[in-house]
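Okay, so here's the structure we're looking at.
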Amino acid sequence: MVGFAVDMGYIVLVRTQLQAAADSAAIAAAWARLDSPSPEAIATAQYYASQHVAGGKPVVLGPGDVEFGQWNYRLRQFHPSAESINALRVTARRDLTTNGRVSLFFAKLLGVREVDVTAQAVAALADNFSGFRLPNAQSTLPLLPIAIDKKAWDALLAGSGSDEWLWDADAQRPRCGSDGIRELSLFPSRVGAPGNWGTLRIGRHNNSTRELSRQIREGLCPEDLAPYGGKFELGSDGTLTIGGDPGLSNAIRDDLQSVIGQPRIVPLYSKVAGQGSNCRYTLVGFAGVRILDVKLTGPESKRRVVAQPATVVVPLAKVNHSESRTSYGVYSTPSLVQ
């Protein structure tokens, strides 16, 4: 019985060590997945796993030990090779194929010399939001009070628009050139409501220039979300109605320029009614963008606020998931879900 207890304790120890390696590799690779294609994410997982030892041997991940797929938050299930990838699964093992089987001590007397031990971890990034809630009173939501027509966004994803700008991550500035990511203009964009260009009136205030400036630079604060129950989310019908503002002006040019290159969330709208400060936007989703160029002076034909799709990571107290696609390029911070 003592020998049995020793061997079982050793197996549990090795499995715990493998679990630590799998957890570390999964969460690190999930972060890498935000900015890198699969090969880089796999390399990240392999590196972090190799920093762990299980049963006296460094943990090596074999072929197929890093799987990409879809994590279903409602069913709490991982589906490998899904079309929409928001998670990855890492398997750390000691078996005949990878790292060798675990040798036992006293079980050899019963003819059991080695056993297979494995551990798995799934890290996911929530990627389909119907809304957002801030984790604490000091947090802000990096959402621009500027809406984009959902049809224009869909057309952009389908290949419309120009590709004249790129974000130089090393220099931390935009440059003229092609990077394979097409751009659209947040302004000018005729929304079908006279006196409006897509600016939203979010919160209790009437979106004075000062309020717009703060929301552009700092994002939405808890006070901005208070009129909506402390959250900013679509209703049960998949929509949220928000009032419009008379529009962008040169007064907020410096504010928009100050966030060039910074990932921001923008609401997507399906329709707009009314005019001036009485117009109402029907929001149906959210998208991640990065502003690359701002010009709000001169003739209207020369004015522009150019943006391209980007990845936005948002720490949230509550994740609101939608069954249908309602957000694009917006992720929660990676977390271990299994």
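The values are calculated or read from the model by the stated rules, or taken from the named source; none is laboratory data. Quick caveat, the model's predicted, so the values are computed rather than measured. No Cβ is skipped: glycine too gets one built from the backbone with ideal geometry, and neighbour counts run over all protein chains shown.
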Every residue from the stretch 228-246 that is part of a loop (DSSP other than H, G, I, E, B) and either touching a His at 6+ places or on another chain (Cβ under 7 Å) or crowded, with 18+ Cβ neighbours inside 10 Å (or both): L234, D245
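Does the stretch 239-259 hold any residues that are small (G, A, S) and modelled with pLDDT of 90 or more, and which are they? Spell out the reasoning first.
Going residue by residue through the stretch 239-259, those that are small (G, A, S) are 243-244, 247, 249, 251, 258.
Answer for the stretch 239-259, where residues must be small (G, A, S) and modelled with pLDDT of 90 or more: just S258.
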Residues of the stretch 247-271 classified as under 14 Å from A147 (Cβ atoms) and surrounded by fewer than 19 Cβ atoms within 10 Å (Cβ to Cβ), total: 3
Among the candidates L256, L268, residue that is closer than 20 Å to P309 by Cβ and in contact with a Phe, Trp or Tyr (Cβ under 7 Å, 6 or more places away or on another chain): L268
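May I ask you to list the residues in the stretch 285-308 that are at pLDDT 90 or above and crowded, with 19+ Cβ neighbours inside 10 Å? Walk me through it before giving the result.
Initially, the stretch 285-308 is screened for residues at pLDDT 90 or above, giving 285-294, 306-308.
Those that are at pLDDT 90 or above and crowded, with 19+ Cβ neighbours inside 10 Å: G285, F286, A287, G288, V289, R290, I291, L292, V294, V306, A307, Q308.
Looking at the stretch 18-38, can you tell me whether even one residue there is loosely packed, with under 14 Cβ neighbours inside 10 Å, modelled with pLDDT of 80 or more, assigned to a helix (DSSP H, G or I) and over 18 Å from the mean Cα position of the chain (by Cα)? Steps first, answer last, please.
Let us first name the residues in the stretch 18-38 that are loosely packed, with under 14 Cβ neighbours inside 10 Å, namely 35, 37.
Next cut, modelled with pLDDT of 80 or more only: none.
No, because not a single residue in the stretch 18-38 is loosely packed, with under 14 Cβ neighbours inside 10 Å, modelled with pLDDT of 80 or more, assigned to a helix (DSSP H, G or I) and over 18 Å from the mean Cα position of the chain (by Cα).
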Filtered residue count, the stretch 74-97, keeping only those that are among the hydrophobic types (A, V, I, L, M, F, W, C) and out of contact with any helix residue (DSSP H, G or I) (no Cβ under 9 Å at 6 or more places or on another chain): 4
